Amino acid sequence: MINSSPIHHILFPENWPAYTLLDSGHGRKLEAFGPYRFIRPEAQALWAPFLDDSEWSHVDGIFASDRSDDNDEASDGRGRWQLSPALPESWEMSYEDLRFVAQPTPFRHLGFFPEQSPHWLWTADQIKAFRSRHQRAPRLLNLFAYSGLASLHAAQAGAEVTHLDASKKAVAQAFENRDLSALSDAPIRFITDDASRFVEREIRRGRHYDGIMLDPPKYGRGPKGEVWRLEEHLPDLLAGCRALLSDTPLLFIATIYAIRTSTSAVQSAVGDALAGMGGILQAGELAIREEREAGRAIGQALYVRWSGHETS
Ligand SMILES: C[S@@+](CC[C@H](N)C(=O)[O-])C[C@H]1O[C@@H](n2cnc3c(N)ncnc32)[C@H](O)[C@@H]1O
């Protein structure tokens, strides 16, 4: 039996001085990424801003979403940046021992997702516990792995990582981040492929992983035009991932940004896929919080994560 917690945990990035949610309100958020400030749309900011207008008027970039695309599943949050001429095309940021590139992308984000850092810390704890239990590195599979911060953090913590994304550009970004983080010799296998195809192939090859993490978008395409639709393809992918788990399973993390689903629904889907494995299933939101005391919280994604063993 899986012990499925009825409590939904809200996780926040911690000890990350280079990233700050400064304020939010009137459908926008004001954030600092390193020395630069940005305003991005935030539909959940259903309140008035706390800081003065003057704080909101000195920014390096503003993202305006393309409303005409809002119902287009392939638009993926597209819009336009208005950027200050003084802003460099990209700049370096850090989190713990990671070094990586920040840059405004057409998808409204800056090349990484700070709200995911609680998963990196949790995964690192799990990896360390696994290494002392089994005297070897756990093998992790990171699907839809994008610019690679979860892969790099896990490798730093002592895992062997297979990092997969459909986009050559995303994998190139992950390479650059690996080199910036001085992890060029780390045991990370980078693969450009369609997530579902790769999982099917790995099952046929009889491969297994001790941990799997996935961050699927609502809609995406594999390198050969394979279509990914969350609602349609998630059940098979979860079943495939289950088949790939080793007989020393360590962890499983699914993070979902798609809005028309709920934590409870994804918890049920992952719970079904992992039925009979024992362990502990947690679910909740990845959120960010305004920096001042009693700052307001904004959920960014929902997650479900499973662990074969309790570490804390
Ligand atoms: C940016 S991350 C997801 C972040 C967040 N979940 C979101 O929706 O904003 C999505 C990644 O999935 C990759 N991707 C999309 N379709 C894919 C597929 N069929 N197979 C593997 N990776 C895919 C994209 O290249 C991208 O790097």
Residue satisfying condition, being away from the ligand (no atom under 16 Å from the Cβ) and of a type in the set (A, V, I, L, M, F, W, C), within set 144, 130:
130
Sort out which residues of the range 194-208 are within 13 Å of the ligand (Cβ to nearest atom) and either in contact with a Leu (Cβ under 7 Å, 6 or more places away or on another chain) or part of a strand (DSSP E or B) (or both), and write them in order of number.
195, 196, 198, 199
Only one of these is crowded, with 17+ Cβ neighbours inside 10 Å and over 27 Å from residue 148 (Cβ atoms): 118, 49. Name it.
49
Which one of the conditions (1) away from the ligand (no atom under 16 Å from the Cβ); (2) touching a His at 6+ places or on another chain (Cβ under 9 Å); (3) not charged (D, E, K, R) does residue 191 fail to meet, given that it meets all the rest?
(1)
Inspect all residues belonging to the range 65-81 and state whether any of them is small (Gly, Ala, Ser) and modelled with pLDDT of 90 or more.
no
Criterion: closer than 16 Å to residue 199 by Cβ, in the same structural domain as residue 299 (by TED's automatic domain parsing), crowded, with 19+ Cβ neighbours inside 10 Å and small (Gly, Ala, Ser) - qualifying residue of 254, 243:
254
Determine whether residue 125 is under 21 Å from the mean Cα position of the chain (by Cα), surrounded by fewer than 16 Cβ atoms within 10 Å (Cβ to Cβ) and in the same structural domain as residue 298 (by TED's automatic domain parsing).
yes
Conditions (1) over 21 Å from residue 276 (Cα atoms); (2) away from the ligand (no atom under 12 Å from the Cβ); (3) surrounded by fewer than 22 Cβ atoms within 10 Å (Cβ to Cβ) -> residue 170 fails only (2)
Out of (1) within 14 Å of the ligand (Cβ to nearest atom); (2) surrounded by fewer than 15 Cβ atoms within 10 Å (Cβ to Cβ); (3) basic (Lys, Arg), what's the single condition that is false for residue 136?
(1)
The correct count of residues that are within 16 Å of the ligand (Cβ to nearest atom) and more than 24 Å from residue 298 (Cα to Cα) in the range 238-268 is 4
Return yes or no: is residue 151 crowded, with 24+ Cβ neighbours inside 10 Å and either in the same structural domain as residue 122 (by TED's automatic domain parsing) or among the hydrophobic types (A, V, I, L, M, F, W, C) (or both)?
yes
Against the definition (surrounded by fewer than 20 Cβ atoms within 10 Å (Cβ to Cβ) and either in contact with a Cys (Cβ under 8 Å, 6 or more places away or on another chain) or within 20 Å of residue 85 (Cα to Cα) (or both)), how does residue 43 come out, yes or no?
no
Please enumerate the residues belonging to the range 121-145 that are part of a loop (DSSP other than H, G, I, E, B) and out of contact with any His (no Cβ under 9 Å at 6 or more places or on another chain).
135, 136, 137, 138, 144
Check off (1) assigned by TED's automatic domain parsing to the domain that holds residue 258; (2) closer than 26 Å to residue 88 by Cβ for residue 7 and give me the number that stays unchecked.
(2)
The one condition in (1) out of contact with any His (no Cβ under 9 Å at 6 or more places or on another chain); (2) touching a residue at least 12 places away in the same chain (Cβ under 8 Å) that residue 245 fails to fulfil:
(1)
Looking at 220, 211, 225, which is the one that is within 16 Å of the ligand (Cβ to nearest atom) and surrounded by 14 or more Cβ atoms within 10 Å (Cβ to Cβ)?
220
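The values are calculated or read from the model by the stated rules, or taken from the named source; none is laboratory data. Just so it is clear, the structure is predicted and the values come from calculations on it, not from any experiment. Here Cβ is always computed from backbone atoms with ideal geometry, including for glycine, and neighbour counts include all displayed protein chains.
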